[in-house]
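Beneath this line is the structure, given in structure tokens, with notes to follow.
The values are calculated or read from the model by the stated rules, or taken from the named source; none is laboratory data. This one's a predicted model, so the numbers in the text were calculated from it and none came from an experiment. Cβ sites come from the backbone with ideal geometry, for glycine too, and all protein chains shown count toward neighbours. SASA here: full protein model, heavy atoms, side chains in, ligands and nucleic acids out. Shrake-Rupley method; radii C 1.70, N 1.55, O 1.52, S 1.80 Å.
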Amino acid sequence: QLVESGGALVQPGGSLSLSCAVSGLSLAYYNIGWFRQAPGKEREGISCISGRDGTQHHADSVQGRFSVSRDNAKKAAYLHINNLKLEDTAVYYCAAPLSPFSDCLFRPDQYHYWGQGTQVFVSS
């Protein structure tokens, strides 16, 4: 089970960290992917932290502003967002694949376990 939290209303230029609480999976072995879906748009893969080696992967659209981390002891993963923009407004999801030690991918169909999402509003 994955449960996101931390969504909020934030002004442009602000920062925000989202959390993903993980249960039922060994977080140390699984990729955690982050996705977002804006109204009227398809779900977009934005970031992933590798279960193999902890490396980060980011889509070009968020490179340099987004980072990911995880705390295996707390069984949680995090998405850190800096310099928020209006276009970052979306529901943000964390997800995990069916198998451990898989490649970090940004395709939703590569993920099996999903959280319910947390809303981020960016507005002045």
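Overview of values
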read-out: Rg/Rh for the chain, where both radii come from Cα atoms and Rh is the Kirkwood radius; value: 0.94
read-out: For the stretch 68-124: Kirkwood Rh in Å [reciprocal of mean 1/r, alpha carbons]; value: 13.3
read-out: Carbon + sulfur, % of accessible area of the chain - ligands and nucleic acids excluded, 1.4 Å; value: 49
read-out: Glu87, Glu42, reordered so the largest accessible area comes first (probe 1.4 Å); value: Glu42, Glu87
read-out: Sequence of Tyr93, Tyr113, Tyr78, Tyr29 from largest to smallest accessible area, 1.4 Å probe; value: Tyr29, Tyr113, Tyr78, Tyr93
read-out: 20 Å reach of a label modelled at Leu86, 7 Å along Cα-to-Cβ, counting backbone N of the stretch 33-57; value: 37-42
read-out: Efficiency of FRET between Lys75 and Thr55 - r from beta-carbon atoms, R0 22 angstrom, step 0.05; value: 0.65
read-out: Extension gain, Leu9 back to Gln119 (0.36 nm per residue minus Cα-Cα distance, nm); value: 38.8 nm
read-out: Sequence of Phe101, Phe106, Phe66 from largest to smallest accessible area, 1.4 Å probe; value: Phe101, Phe106, Phe66
read-out: Radius, Kirkwood style, for the stretch 21-76 when every pair of distinct Cα atoms is counted (Å); value: 12.2
read-out: Environment charge at Gly45 (Cβ cut-off 9 Å; Lys +1, Arg +1, Asp -1, Glu -1); value: +2
read-out: Whole-number accessible area per residue in Å² for the chain, which is evaluated in the context of all protein chains at 1.4 Å; value: 51
read-out: Area of Ser23 that stays accessible when all protein chains are in place (1.4 Å probe, Å², to 10); value: 50
read-out: Net charge over other residues, Cβ less than 12 angstrom from the Cβ of Leu25 (K, R count +1; D, E count -1); value: +2
read-out: Approximate spin-label separation Leu105-Ser23, in nm, with each point projected 7 Å along Cα-to-Cβ; value: 2.9
